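Peer 1: Shown below is the structure under consideration.
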Amino acid sequence: MTWIKMRTNLWDDPRVVRLCDLLGLPEATVVGGLYRLWSIADDHTTDGDLSGMSPAALDRRVGIDGFAAALSKVGWLEVSDAGIRIPRFDEHNGASAKRRAQTARRVAKHAKRSTRSANASSVRTPLAREEKKREEKKRGSFTECVLQEAHYAEFLRAWNGTPGVRPMRKWTPARRRKFALRVRDPDWDWRAALRKFPLACFRDSDGYRPDVDWFLRPDTVTKILEGAYDWTKNNSGKDRPRSAAEAYQPAGSDIDHTF
């Protein structure tokens, strides 16, 4: 099974903190980018020399703009005309580093077994199984967290790049909860909904632009995809809302929304 070596305290490394500041991204996204970079290097090199891969190609592979430049600033990447290179890569990964790590693990495991009494052998297996389950759960939680943060970052970039919307400054706890709930629904296609912007009904609405809190409501995306906001003032029909504010207001609400 292919694997790479990563420190459990990598999140707290000052260089990771510096990368987060340079890129404007959370630790989970940055660590996920490092995992992708080191995996590529482990698959294709023995010493971290990725000649032929440009900084732009690396940014594209990990999905983070400016990632290569930021890594160069903290000393985790060397950039040249020939390509990019990871300094001291073979000290932690590569075939020789993995052999050293596996040998050290076997020696430690043997030493631990030799110091235990025969009476402990009956409880060792259940404890090992429990520890393995905890480790697998921990790795699964880490991977899920990395993917979730990457999804948050993708949506934020997409939303702020969409015409006709009010820009979103940050993810509040309430917005995170709503987004996490919506993406569990396979029919909640937010990407397809954003491609329909700017929505026709808001084009002549005296400067009003919908915000992300409206977009994260349970039925907004469905209504957008069904064409509920495709009308304009030039259209006619008894079911058409009389204003953009009325389209924004939930059905049956007696709250006066002023925009």
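Peer 1: Given the criteria assigned to a helix (DSSP H, G or I) and β-branched (Val, Ile, Thr), does ILE84 qualify? Break it down stepwise before answering.
Peer 2: Details: assigned to a helix (DSSP H, G or I): no; β-branched (Val, Ile, Thr): yes.
It is false that ILE84 is assigned to a helix (DSSP H, G or I) and β-branched (Val, Ile, Thr).
Conditions tested, residue by residue: (1) under 21 Å from ARG176 (Cβ atoms); (2) modelled with pLDDT of 95 or more; (3) in contact with a Leu (Cβ under 6 Å, 6 or more places away or on another chain); (4) not basic (Lys, Arg).
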residue	(1), (2), (3), (4)
TRP188	yes, no, no, yes
CYS201	no, no, no, yes
ASP206	no, no, no, yes
ARG209	no, no, no, no
ASP213	yes, yes, no, yes
LEU216	yes, yes, no, yes
ILE224	no, no, no, yes
ALA228	no, no, no, yes
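Peer 1: Just one of (1) over 21 Å from ASP90 (Cβ atoms); (2) in contact (Cβ under 8 Å) with a residue 40 or more places away in the chain; (3) surrounded by 15 or more Cβ atoms within 10 Å (Cβ to Cβ) trips up LYS73, so point out which.
Peer 2: Failing condition for LYS73: (3).
Peer 1: I'd like to know if the stretch 165-185 contains one or more residues that are surrounded by fewer than 11 Cβ atoms within 10 Å (Cβ to Cβ), assigned to a helix (DSSP H, G or I) and at pLDDT below 70. Even if it seems obvious, please write down each step before you answer.
Peer 2: Looking only at the stretch 165-185, we keep the residues that are surrounded by fewer than 11 Cβ atoms within 10 Å (Cβ to Cβ), and these are 169-170, 173-174, 184.
Imposing the further condition that a residue be assigned to a helix (DSSP H, G or I) reduces the set to 173-174.
Now drop any that are not at pLDDT below 70, which leaves none.
Scanning the stretch 165-185 turns up no residue that is surrounded by fewer than 11 Cβ atoms within 10 Å (Cβ to Cβ), assigned to a helix (DSSP H, G or I) and at pLDDT below 70.
The values are calculated or read from the model by the stated rules, or taken from the named source; none is laboratory data. All values derive from a computational prediction rather than experimental measurement. Virtual Cβ from ideal backbone geometry, glycine too; neighbours counted across all protein chains shown.
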